[in-house]
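Student: If you scroll down you'll find the structure; I have some questions about it.
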Amino acid sequence: MDILNADCLREIIIHLSLQDQIALLQVNRYLQQIVQSLWITKYKHNSINFVEKSLKDEDLERFFKTIKDFAESFELRFLDEQKYKLLKKFTYPQIKTVRLTIHPCFIRDEDIKDFHLMFPNLRVFSPHGNLTGRYLDLWPNLTELNLSYCYKLELSYFHSIMRSLHLEHLELNMFPMSKQCEQLDLKEANLENLKYLRLNTYELYYFLVKPMPKLQHLYITNQYNPRQLFDVILSVWRARDIRKLETNVKNVLANCLEMRMNVEELCIINDDNVLPQNVIRSLHLLDDLRVLRFKSCDLTTINIAELLRSIPQIDEISLESCRLPAQLKLNAVELGEERSKLLRLNFWQNIGRRLRNSPEREYRQNTPQSVDVIIKGEHSFFEFTEIPGVDLYFEPLYIQFR
């Protein structure tokens, strides 16, 4: 080991487990420097699952001690009280993002003061536990806050947070329709910097008391009276300002089509019923539509080739985790010949279902299987891809503004 140069040692060390690398830290100063030089890049952003990384306490403490001066983010899963005691032995001056997930329910309000000492320069925080919201305004430069897992969030502390901080990203969904929700008062809140807002319908109405000029993403986690909700949204923002819409058919898509909205990207998700033909035929009315995505939809009665031809303004159609006929036949020459720009069909993790007139229907009618895609010919303006889509939102409404 002594005669190997630094590059050779790094090549060897990267194949070792984290536990073995921690052991190397203790051999001599030279190996310690080599390991640290690797970790500066590898552990700048840390996603730690404490169930998968079953380190001894002394090894975990050495790990925290080594990365404390250069780590920039923590996502901690299954953090328990013992691991938390080791974590808070050190200060992490470069950490800007901390996200806690999966049941650190032992964390209380008083622990937030410890977090402030550990992470004095925090800008993004997603706490998790029996928190009321107290002390969460200790970080004056906090720009992103997720309160969805503060199980005892109180209105008085929430009001204080909204008056003290100038947030750009807020996730709420904590106040259902109740007397507590009726006391929401955001007239003195700082909403002018909000770019991303995730909340439920009841909370949304209280946020509309003040302008949100920078809002780009609105993510509504439930829909109470969807027609009224849509009317309210369009009373605040012009229809032509809505650039991206992610929804299911029953609630919002019909309104979108009626108003000829300038939507450039439309995602139809998680629809339990077979998509009606009139919806498919109406999509050509969205003149600015360029990207159309179907996620977890039943498209067994839809002619995909006809769909591709009927929306000439489209640049991309993506079918992700959808149910389709067992076999899909496409003619690339026919699909590309009347186009002046590329049409892309993306296909990812779809499942098929035997047609009802199949001789094997008794045994395979309801059995999911992969879909056979048969493409005849080639054309420079038609492309078939198999690219993973973005994560599926199971909630019914997501809007992106210009």
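The values are calculated or read from the model by the stated rules, or taken from the named source; none is laboratory data. In this text the structure is predicted, and so the values were computed from the model without any measurement. So basically every Cβ, Gly included, is an ideal-geometry build from the backbone, and we count neighbours across all protein chains shown. We work out accessible area using only protein heavy atoms, side chains counted, and drop any ligands, DNA or RNA first. Shrake-Rupley method; radii C 1.70, N 1.55, O 1.52, S 1.80 Å.
Student: How high is the relative contact order of the range 1-134? Use alpha-carbon pairs under 8 Å, at least six apart in sequence, and give a whole percent.
Tutor: 19 percent.
Student: For E192, what is the net charge nearby, where nearby means another residue's Cβ is under 14 Å from its Cβ and Lys, Arg count +1, Asp, Glu -1?
Tutor: Taking every other residue near E192 into account, the sum is +3.
Student: Expected output is a single nm value to one decimal: the length gained when fully extending between L18 and R123, i.e. 0.36 nm times separation in residues minus the C-alpha distance. What is it?
Tutor: Length difference between fully extended and current span is 35.0 nm.
Student: Now, a different point. Given the protein chains as shown and a 1.4 Å probe, how many square angstrom of Y157 are accessible, to the nearest 10?
Tutor: Approximately 70 Å² for this residue.
Student: How far apart, in nanometres, would the label points at K56 and H166 be if each is projected 7 angstrom from Cα along the Cα-to-Cβ direction?
Tutor: If labels sit at K56 and H166, their model points lie 5.0 nm apart.
Student: Could you compute the net charge surrounding E72? Neighbours are other residues with a C-beta less than 10 Å from the C-beta of E72; K and R count +1, D and E count -1.
Tutor: +2
Student: Hey, another quick one. Compute the separation of the alpha-carbon centres of the range 282-355 and the range 54-70 and state it in Å as a whole number.
Tutor: When both Cα centres are located, 50 Å separates them.
Student: Among the listed pairs K68/K152; K83/K113; K44/K113; K210/K295, give every one whose C-alpha distance is greater than 26 Å.
Tutor: K68/K152; K210/K295
Student: While we're on this one: Report the net charge of residues surrounding H116, where surrounding means a beta-carbon distance below 15 angstrom and charges are Lys +1, Arg +1, Asp -1, Glu -1.
Tutor: Here the count lands on +1.
Student: Still on this structure: Ignoring ligands and nucleic acids, what accessible area does W348 show with a 1.4 Å probe (Å², nearest 10)?
Tutor: Its heavy atoms expose roughly 80 Å² to the probe.
Student: Shifting gears a bit: Counting other Cβ atoms within 10 Å, which trypsin sites (Lys or Arg not before Pro) in the range 127-200 have at most 13 and lie in a DSSP loop?
Tutor: In loop regions of the range 127-200 (DSSP not H, G, I, E or B), the sparsely surrounded trypsin sites (Lys or Arg not before Pro) are K187.
Student: A further question on this structure: Less than 16 Å apart at the alpha-carbon level, and either on another chain or at least 8 residues along: which aspartates and glutamates does that give for K187?
Tutor: By straight Cα distance, K187 reaches E203.
Student: Sticking with the crude label model, points 7 Å out along Cα→Cβ, report the distance from L342 to Y151 in nm, one decimal please.
Tutor: 4.9 nm
Student: Once ligands and nucleic acids are excluded and a 1.4 Å probe is used, how much of R339 is accessible, expressed in Å² to the nearest 10?
Tutor: Rounded to the nearest 10, that gives 30 Å².
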